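**Q** Attaching a single structure in structure tokens format; questions to follow.
The values are calculated or read from the model by the stated rules, or taken from the named source; none is laboratory data. Since the structure is predicted, the reported quantities are computational estimates derived from the model, not experimental observations. Virtual Cβ from ideal backbone geometry, glycine too; neighbours counted across all protein chains shown.
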Amino acid sequence: MLDRVLALGVMAGVLVLGDASYCCLSIQDEVKPRGAALAAATRIPTADEANAYGLNRLVDCANGQYVTAVQKGGSAEKAGIREGDVILSLNANKLYSCDDLQDFLRVMKPGARVEVIVKRARAFNEEKVSLTLGNGLVTSGNGIDWQYAGPGQLDSAIAAAKTEGKLLLVGLAGADT
């Protein structure tokens, strides 16, 4: 049955430093040796940070991943992303949890160009930057090969499922969702 299904992951994330992705990995997660990476470490914004940045809220989660570190010479730094910035979305996929970022990176390939909406530290203004993803490690997705990362790709997933005559599996992941 899974060969007849296109999969759309909704709500998932990753901390990415160096050539590896680590946010929200647990010991039992299978790790693939290659995947896409931002070369930045992120976390959920605190309530004070969410208020200061004026972040939109979804239930108890603020939109965005707060950047705590950026790898020197990595993808995020090359795109101008700095510590203290908040990454709001990747290719129209809004980030509400660590899992959202991990799902996105799981379906992307190193070298892919990504449109990033970032809220800048101290100035609190939104900017759109283009980023080329680097190489990293990602979790396996629990045996499902996710082709699409989240709601920002839903229209594409539906169109592909119709074109290919496949069912569309939409999954929710992560403790934050």
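**Q** In region 33-91, what count of residues is obtained for those that are surrounded by fewer than 19 Cβ atoms within 10 Å (Cβ to Cβ) and in a helix (DSSP H, G or I)?
**A** Qualifying residue count, region 33-91: 7.
**Q** Among residues belonging to region 92-123 that are touching a helix residue (DSSP H, G or I) at 6+ places or on another chain (Cβ under 6 Å) and not in a loop (DSSP other than H, G, I, E, B), point out the one that is farthest from GLU77 (Cα to Cα).
**A** Looking at the filtered set, the residue picked out is ASN93.
**Q** While we're here: If you go through region 11-29 one residue at a time, do you hit one that is at pLDDT below 85, part of a loop (DSSP other than H, G, I, E, B), β-branched (Val, Ile, Thr) and within 13 Å of the chain's Cα centre (by Cα)?
**A** For region 11-29, residues at pLDDT below 85, part of a loop (DSSP other than H, G, I, E, B), β-branched (Val, Ile, Thr) and within 13 Å of the chain's Cα centre (by Cα): present.
**Q** Considering only residues of region 110-153 that are at pLDDT 90 or above and β-branched (Val, Ile, Thr), which is surrounded by the fewest Cβ atoms within 10 Å (Cβ to Cβ)?
**A** Across region 110-153, the extreme among qualifying residues is THR132.
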